[in-house]
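The structure under discussion appears below in the form of structure tokens.
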Amino acid sequence: REINEMDEERDGQINKAATEFPIEKINKVDLAILRLSIYELTVEKKEPPHVIVDEAVELAKEYGNDTSPAFVNGVLGNIIKT
């Protein structure tokens, strides 16, 4: 499969988990972290979900803005619940 198809699937998951934030409004760094994390959660499945979320939050702290860690944590938490 092409990467664009995979991004469309992941973006659909993000849209469902963060309904108040359209994809085009999400910070590009946050979006990249979410896409990578969703891939790790749904395709690779090499690590437990809590480890993937913790790593994503750490990336958001390092590279995102002040609200990035909470946003990334919330979106991934919603995705894991469904």
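Quick note: the coordinates plus some simple rules give every number you see, no bench work behind them. Since the model is a prediction, treat every value here as computed from it, not as a measurement. Note: ideal-geometry Cβ built from the backbone for every residue, glycine included; neighbour counts use all protein chains shown.
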Please verify whether segment 50-66 includes one or more residues that are of a type in the set (S, T, N, Q) and either crowded, with 16+ Cβ neighbours inside 10 Å or under 10 Å from the mean Cα position of the chain (by Cα) (or both). no
What are the pairs with Cβ atoms under 8 angstrom where one residue, in segment 28-42, is of a type in the set (F, W, Y) and the other, located anywhere, is surrounded by 16 or more Cβ atoms within 10 Å (Cβ to Cβ) and part of a helix (DSSP H, G or I)? Sequence gap at least six, or different chains. Y39/R10
